[in-house]
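K.L.:
Below are the structure tokens for one structure; questions will follow.
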Amino acid sequence: MARPRALLLDEPFGALDPGIRQDMHRLILRLWEEHGLTVLMVTHDIVEAFKLGTRVLAFDKRRVDPHAPHRFGATAVYDIPLTNKLPLDAPDASVSIITIDRISNNFEG
């Protein structure tokens with residue numbers, strides 16, 4: 001069986017009911033801890049990002065590059081390393097207990 005070093009997930013839990021969603025959160029965290037995987041997950045649920053992540057990158061708006069008008073993308077506006085993750089069973093309102101080491105902000109002006 002192959003042992004990948006990275007797991008790429010694009011909104012994997014969006015269509016799941018809350019019970020199954022929590023089970024999948026636990027599974028992802030267990031795989032990450034047991035196998036030392038790098039997990040890159042796209043989500044629009046900021047609470048989910050803070051519960052599962054060790055680092056959160058926030059993106060905003062489509063990137064416009066006059067030198068490459070045919071390219072698409074977004075700009076990373078925040079890079080937030082986390083040292084105190086939310087417990088999986090924490091209510092959504094408990095995001096305020098997160099410890100943030102530093103915030104890198106790419107906003108200009």
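Bear in mind that the values in this text are calculations on the coordinates, not laboratory data. These figures come from a predicted structure and were not determined experimentally. Cβ placement follows ideal geometry from the backbone for every residue including glycine, while neighbour counts extend to all protein chains displayed.
K.L.:
Amide H neighbours of LEU57 under 5 Å, at least 5 residues apart or on other chains, H built in the peptide plane: list them.
P.N.:
HN-HN under 5 Å from LEU57: ILE80.
K.L.:
Report the FRET efficiency, 1/(1 + (r/R0)^6), for ASP17 and LYS61, where r is their Cβ-Cβ distance and R0 is 25 Å, rounded to 0.05.
P.N.:
Working: r = 32 Å, r/R0 = 1.27.
After rounding, the FRET efficiency stands at 0.20.
K.L.:
Quick one: which of 11-18, 52-59, 36-43, 67-74 comes out on top by average Cβ neighbours within 10 Å, and what's the full order, highest first?
P.N.:
Ranked from most to least packed, the peptides come out as 52-59, 36-43, 11-18, 67-74.
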